[in-house]
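The values are calculated or read from the model by the stated rules, or taken from the named source; none is laboratory data. Quick caveat: nothing in here was measured; it's all calculated off a predicted structure. We place every Cβ from the backbone using ideal geometry, glycine too, and count neighbours over all the protein chains shown.
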Amino acid sequence: MDSEQLKLLIDKCKAGQAGAFDQLIALYADRCFGFFYRLSGHRQTAEDLLSELFIKLVEKIGSWDGGSFDNWIFTIAGNLFKDSLRADYRRKRLLQEKAEQLQTQEESEPRNDLEDKLHWALKRLEPEIAELIMMRFYADFSFKELAKMRNEPIGTTLCKMHRGLKKLREMMEVPEKQRPV
Amino acid sequence: MKESYEDIRKILEQFMNTQTAGQMAKDIRQADALLSAVPAAKTSEETLAAIREKVHCRLAAYRVRNLRIRIEKYVAAVAATILIAVLVGVFFRTHQPTGQNQRPLPLAAASLWNDSFAADNDPVGELTTKVEQLTGQIDTVNQTATQWLEENSGLTVEIENLEKIALNADFWKG
């Protein structure tokens, strides 16, 4: 879908057309789900966040004033993920037992080896760096856009990204038996 | 849109030497390749259907909310207009110059134009009687006063004579 068609679709969404929202969901669901899933490492959390994102979109779509819609939607997604992290931290502190149970469920999910490695490595990165990598990978953000969004010099963003990606690659190269728990 | 690795290398060269920048660009490319090698899980059709349903519900609620807000705004605007109109009316009533807000009364009482003679004649008759009584009393007083003056006319002459004597005697000159 080119930018003109996308703009037309968003205009229909702004007018409150349910069918247009369905199209938008079909267009972005997989990428956004991938973004949430990679960051959270948990399917249920990713699905919840995805649902929350599209519900939020109903109210926020009117505030989109042109520019890259991808950037806009993934900025909202990033903020939602940060909010969920905070909520998750609080929840984990209050309901430690429940969190452990969730973790057990999560670990029991069937995954291929590489995906398992990626989840394990992403969880060990700083949340800020992991989000940065995912933003670039799923939302197709350029370094310039990332730097602007994070309100920092492009050199800083590039260095953070490089450090994060290098660490990710190093961790993924560690054999499974040598991984610290 | 993501930059090409060549662009990334060029950006990095602004901050570090060519060799380091090249190495960093290479690291980024390799990590990207690694991420691409692990395709992200996809949402299930059930999840998407549930999301669509939730979005439709929210959309309906949002429409209702918008409508309610629009009605509230309309009602508020109408109420404000009425209030302003009332206040303006009150302002002009209270700030009019004195007299202008007094309603002119008819010059003659409406009862004067009444065709009923019986009703009209009663008060006039009473008034006439009272006027006649008063006239009689005044006449009586006049007659009494005249009579008293005629009887005591000598007293007046005596007083006048005493005044003349006093003036002629020049006692007042010292």
query: For segment A:142-161, what are the residues that are over 13 Å from residue B:8 (Cβ atoms) and either within 8 Å of chain B (Cβ to nearest Cβ) or not in a helix (DSSP H, G or I) (or both)?
result: A:151, A:152, A:153
Single unsatisfied condition, residue B:25 versus (1) under 27 Å from residue A:53 (Cα atoms); (2) in a helix (DSSP H, G or I): (1)
message: Please verify whether residue B:148 is among the hydrophobic types (A, V, I, L, M, F, W, C), assigned to a helix (DSSP H, G or I) and at pLDDT below 70, treating the condition exactly as stated.
response: no
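Among B:60, B:49, B:40, B:25, which is the only one that is surrounded by 15 or more Cβ atoms within 10 Å (Cβ to Cβ), more than 7 Å from chain A (Cβ to nearest Cβ) and either without any contact (Cβ under 8 Å) to a residue 24 or more places away in the chain or of a type in the set (Phe, Trp, Tyr) (or both)? Steps first, answer last, please.
Working: B:60 fails: surrounded by 15 or more Cβ atoms within 10 Å (Cβ to Cβ); B:49 fails: surrounded by 15 or more Cβ atoms within 10 Å (Cβ to Cβ); B:40 fails: more than 7 Å from chain A (Cβ to nearest Cβ).
Result: B:25 is the single residue among B:60, B:49, B:40, B:25 that is surrounded by 15 or more Cβ atoms within 10 Å (Cβ to Cβ), more than 7 Å from chain A (Cβ to nearest Cβ) and either without any contact (Cβ under 8 Å) to a residue 24 or more places away in the chain or of a type in the set (Phe, Trp, Tyr) (or both).
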- request: Identify all residues within segment B:28-37 that are more than 7 Å from chain A (Cβ to nearest Cβ) and among the hydrophobic types (A, V, I, L, M, F, W, C); write none if there are none.
  value: B:33
message: Can you go through B:75, B:55 and tell me which one is over 25 Å from residue A:42 (Cβ atoms), of a type outside the set (S, T, N, Q), modelled with pLDDT of 85 or more and not assigned by TED's automatic domain parsing to the domain that holds residue B:9?
response: B:75
- line: Residues in segment A:26-65 that are within 26 Å of residue A:4 (Cβ to Cβ), at the interface with chain B (Cβ under 8 Å from one of its Cβ atoms) and acidic (Asp, Glu) total 2
query: Does residue A:85 satisfy the criteria of being touching a residue at least 60 places away in the same chain (Cβ under 8 Å), of a type in the set (A, V, I, L, M, F, W, C) and away from chain B (no Cβ under 11 Å)?
result: no
query: Any idea which of (1) of a type in the set (Gly, Ala, Ser); (2) in a helix (DSSP H, G or I); (3) within 18 Å of residue A:135 (Cα to Cα) is the one residue A:67 doesn't satisfy?
result: (2)
- request: Quickly run through segment B:63-90 and pick out the residues that are within 14 Å of chain A (Cβ to nearest Cβ) and not polar (S, T, N, Q).
  value: B:63, B:64, B:65, B:67, B:69, B:70
message: Looking for something at the interface with another protein chain (Cβ under 9 Å from one of its Cβ atoms) and surrounded by fewer than 13 Cβ atoms within 10 Å (Cβ to Cβ) - is there at least one such residue anywhere in segment B:8-22?
response: yes
field: Positions within segment A:151-164 being without any contact (Cβ under 8 Å) to a residue 24 or more places away in the chain and out of contact with any Asp or Glu (no Cβ under 9 Å at 6 or more places or on another chain), in sequence order
entry: A:151, A:152, A:153, A:154, A:155, A:156, A:158, A:159
- request: Please verify whether segment B:78-90 includes one or more residues that are part of a helix (DSSP H, G or I) and touching a helix residue (DSSP H, G or I) at 6+ places or on another chain (Cβ under 6 Å).
  value: no
message: So if I check each of A:87, A:139, which one is at pLDDT below 85, closer than 30 Å to residue B:61 by Cβ and surrounded by fewer than 12 Cβ atoms within 10 Å (Cβ to Cβ)?
response: A:87
